[in-house]
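Participant: Before I ask anything, here is the structure I am working with.
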There are 2 protein chains.
Amino acid sequence: MTKLQKETIYDIAQKAGASASTVSAALNGTWKKRRIAKVTAERIIAIAQEQGYSANLQARALRTSRSGLVALLIPEYNRFFSNIAQTFSAEVRARNQCPVIISTARDPEEERRTVSDLTAWNIDAIFFVGSVAPEDLSRHCTAAQVPHVFVDQPCAIAPSVVTDSRTGAHILTREIIASMRARDVPIGASPRDTIYFVGGDRLLPSTRNRVEGFSEALYAHLGRLDPDQIIAQTYDLDAATASISALYTRLGGLPRGLFINSDSVFEGALRFLATLPEAELTSCSFGVFDYEPYGQLLRFPVHMMRQRHKMLVHRAFALLDEASPPVIEMVQPELYPAPLR
Amino acid sequence: MTKLQKETIYDIAQKAGASASTVSAALNGTWKKRRIAKVTAERIIAIAQEQGYSANLQARALRTSRSGLVALLIPEYNRFFSNIAQTFSAEVRARNQCPVIISTARDPEEERRTVSDLTAWNIDAIFFVGSVAPEDLSRHCTAAQVPHVFVDQPCAIAPSVVTDSRTGAHILTREIIASMRARDVPIGASPRDTIYFVGGDRLLPSTRNRVEGFSEALYAHLGRLDPDQIIAQTYDLDAATASISALYTRLGGLPRGLFINSDSVFEGALRFLATLPEAELTSCSFGVFDYEPYGQLLRFPVHMMRQRHKMLVHRAFALLDEASPPVIEMVQPELYPAPLR
DNA sequence: TCAGGTTGCGCAATCGATGTTGCAAGAGAA
DNA sequence: TTCTCTTGCAACATCGATTGCGCAACCTGA
């Protein structure tokens, strides 16, 4: 069993008959540079091992002003962000640093506070995922000289890696159109015979780009587009339930196509959809901009656009490593078409 | 904009015409106790505010040997653990501390390393969720004098809060039985006309308890139970797919009842189930020991047992607060019966 | 034997915040 | 006026690891 009273390099030094600085050098691997005899270093290392010594990281961080901590800020713990977190953790571990993951609930104030906290911890780097106010956060980090990168939400003044939402939305929309045509829906014939875009926040670039990709694809097919077809105020789950329900009432039934922005919106929508008879559901072609394995197992066909979370994270690390200037790197999402039945 | 060079209490002291210790006292709120004049304290606080000062937390932690960090260790980021993480974060924030969430991939070695890391950071407390080797971890924490608590997986030598898996499994099993009877299944008539338990790790207490609850309920109804009906080696998703598939082959079809242990197993199972025609699915009554909103929207009825994650976390905090001795506190899960169709 | 080079290691300052101790100035009492 | 309190604040040691600097001891060649 290890000591109750925490050991310090001074304790080790005493036991090894050396000085604290020698111990420090030995344990750091800098002993060669500091011309410590190999035998001395090895003796010290052996003693430290057997005593179960581990350095006080605050002291080290205080001295070196590097904490060995790398943070990931996510809005919440949904499937997409959790996947990102998983990939991020593994990568940080592989670099012998410590991953710290914090959710900020899409609250700009909370984001700022968290960044302050983290810089007060001399954090080595911060990954922002889906932040609400990127530029503001970036300025904070720059002021505190903290390297940082944005994922899934671009920042004008910092390196960013984002999913190509516009192209993705375009492709997904075309898939929905194809699916409707396969069912002989007279696209555009009536307000119900078209596609509606639901969910997300139009003020955010990702939603904006998805709306653009959606609009382009639909316009290319139909030659027109009603602004009413786009209902994008929030990612909130309950709001999604309400939106779909309202749309249903307005149209007197489900539309023939639905473009659903994000998995939380999907989940919210399903709460309403679950109350409908199966026949109504199968009369609508669904496209979801996100991937949710359960989606493929529902009673109606759902096309999904999966964001490549591993790629996003890996590219983000690459940008950090090369101390990249502000650029926006695009990663293409993958289409998961609905299984044929 | 804040300074480029980080400010210290010494800088503030100079600007305020005071000493560092006075500044420290003023900013800590301990100025009253240290007999600093109110005006002085207010002047210092004002200056610190306007300079955007924030304390170097390593220095503070080094001095006080309290970091203000509270850690949560989870096996992975699935829905249940993510919910726990969310609740945990909020609670820690409310206490003005900093939540740190780390996933250890169910790897005991990784768990130990992480605990070492955390104690090296003078972590204030650790919450272990679903740990593989609780006693070992607990000893480590005790040695390092770190308060800790176990959630969802009991520890013999530390306070723990767990879901009452046994009672929950009993109730869920009865629900499956009721559902089978409603469909006029001749329970026990043939190997297919009964319930199979799939997934989880029998070496872990939670799975063991669920198996017990399941067995009791089934035995109470039938008066017998074949050990073959219990297939519980792992929580792994791919393994679950394989298990269900093998069971299907063995029985020449789906059984009439399935008790599915955890959402990851559910997801794995669905990969196979999705390949079956709808009629086969509706011939089986499903019970899942976990809650997954999508489950209520599948093409077949699924009964679910939801773990009360908020309650689990709140009780865990309570046990920590009262510096509880080793006890195991039970929290009842909630049944979410399949919606009627 | 001595200048000059190399090897091996310890001294002490430092990072920034905290808190104990002690000192000076003013208030009140004698 | 002198003595005792009280008030208000600064000096300084401290937490533990890191690192620039420098000092011995030893070696080598002249």
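The values are calculated or read from the model by the stated rules, or taken from the named source; none is laboratory data. As the structure is a prediction and not an experimental result, all values here were calculated from the model. Note: ideal-geometry Cβ built from the backbone for every residue, glycine included; neighbour counts use all protein chains shown.
Participant: Tell me which residues, restricted to region B:4-30, are more than 8 Å from DNA strand D (Cβ to nearest atom) and either in contact with a strand residue (DSSP E or B) (Cβ under 9 Å, 6 or more places away or on another chain) or outside any helix (DSSP H, G or I) (or both).
Facilitator: Those that are more than 8 Å from DNA strand D (Cβ to nearest atom) and either in contact with a strand residue (DSSP E or B) (Cβ under 9 Å, 6 or more places away or on another chain) or outside any helix (DSSP H, G or I) (or both): B:4, B:5, B:6, B:7, B:8, B:29, B:30.
Participant: Another question, if that's okay. One residue is enough: does region B:168-190 have a residue meeting the conditions of a type in the set (A, V, I, L, M), crowded, with 18+ Cβ neighbours inside 10 Å and over 23 Å from residue B:243 (Cβ atoms)?
Facilitator: Yes.
Participant: Can you run down the residue pairs with Cβ atoms below 7 Å, 6 or more apart or on separate chains, where the first is in region A:29-40 and away from chain B (no Cβ under 14 Å) and under 14 Å from residue A:18 (Cα atoms) and the partner is outside any loop (DSSP other than H, G, I, E, B) and near DNA strand C (Cβ under 6 Å from one of its atoms)?
Facilitator: A:36/A:22; A:40/A:22
Participant: Going through region B:101-113 one residue at a time, which ones are over 12 Å from the mean Cα position of the chain (by Cα) and either more than 10 Å from chain A (Cβ to nearest Cβ) or modelled with pLDDT of 90 or more (or both)?
Facilitator: Answer for region B:101-113, where residues must be over 12 Å from the mean Cα position of the chain (by Cα) and either more than 10 Å from chain A (Cβ to nearest Cβ) or modelled with pLDDT of 90 or more (or both): B:106, B:107, B:108, B:109, B:111, B:112.
Participant: Just one of B:228, B:238 is surrounded by fewer than 23 Cβ atoms within 10 Å (Cβ to Cβ), in a helix (DSSP H, G or I) and touching a Gly at 6+ places or on another chain (Cβ under 7 Å); which is it?
Facilitator: Values: B:228 fails: touching a Gly at 6+ places or on another chain (Cβ under 7 Å).
Only one candidate passes the filter, namely B:238.
Participant: Next up: Quick check, is residue B:220 surrounded by fewer than 17 Cβ atoms within 10 Å (Cβ to Cβ) and free of Cβ contacts under 8 Å to residues at least 60 places away in the same chain? Steps first, answer last, please.
Facilitator: Numbers: surrounded by fewer than 17 Cβ atoms within 10 Å (Cβ to Cβ): yes; free of Cβ contacts under 8 Å to residues at least 60 places away in the same chain: yes.
The answer is yes for residue B:220.
Participant: Sticking with this one: Just checking, how many residues over region A:139-173 are of a type outside the set (A, V, I, L, M), in contact with a Lys or Arg (Cβ under 9 Å, 6 or more places away or on another chain) and within 14 Å of chain B (Cβ to nearest Cβ)?
Facilitator: Number satisfying all stated conditions: 2.
Participant: Would you tally the residues in region A:47-71 being facing another protein chain (nearest Cβ under 10 Å) and either under 16 Å from residue A:311 (Cα atoms) or small (Gly, Ala, Ser) (or both)?
Facilitator: 9
Participant: Now for a different question. If you take the residues of region A:128-138 that are within 14 Å of chain B (Cβ to nearest Cβ) and in contact with a helix residue (DSSP H, G or I) (Cβ under 9 Å, 6 or more places away or on another chain), which of them is surrounded by the most Cβ atoms within 10 Å (Cβ to Cβ)?
Facilitator: Applying the filter and picking the extreme gives A:129.
Participant: Moving to a separate point now. I'd like to check something: does region B:49-67 contain any residue that is crowded, with 19+ Cβ neighbours inside 10 Å and more than 13 Å from DNA strand C (Cβ to nearest atom)?
Facilitator: no
Participant: What number of residues in region B:72-96 are closer than 17 Å to residue A:78 by Cα and either within 8 Å of chain A (Cβ to nearest Cβ) or part of a helix (DSSP H, G or I) (or both)? Show your work before the answer.
Facilitator: Residues of region B:72-96 that are closer than 17 Å to residue A:78 by Cα, as a first pass: B:74-90.
If we keep only those that are either within 8 Å of chain A (Cβ to nearest Cβ) or part of a helix (DSSP H, G or I) (or both) as well, we get B:76-90.
Selection size over region B:72-96: 15.
Participant: Would you confirm whether any residue within region A:56-79 is in contact with a strand residue (DSSP E or B) (Cβ under 6 Å, 6 or more places away or on another chain) and among the charged types (D, E, K, R)?
Facilitator: Yes, region A:56-79 contains at least one residue that is in contact with a strand residue (DSSP E or B) (Cβ under 6 Å, 6 or more places away or on another chain) and among the charged types (D, E, K, R).
Participant: Just for region A:171-208: of the residues that are assigned to a loop (DSSP other than H, G, I, E, B) and closer than 18 Å to residue A:307 by Cβ, which one is farthest from the chain's Cα centre (by Cα)?
Facilitator: A:199
Participant: In addition: Take residue B:116 and decide whether it is surrounded by fewer than 17 Cβ atoms within 10 Å (Cβ to Cβ), in contact with a Ser or Thr (Cβ under 7 Å, 6 or more places away or on another chain) and closer than 30 Å to residue A:116 by Cβ.
Facilitator: yes
Participant: Of all residues in region A:46-90, how many are within 10 Å of DNA strand D (Cβ to nearest atom) and farther than 23 Å from residue A:124 by Cβ?
Facilitator: 2
Participant: Something else: For region A:31-41: of the residues being in a helix (DSSP H, G or I) and surrounded by 13 or more Cβ atoms within 10 Å (Cβ to Cβ), which is farthest from DNA strand C (Cβ to nearest atom)?
Facilitator: Residue satisfying both the conditions and the ranking: A:41.
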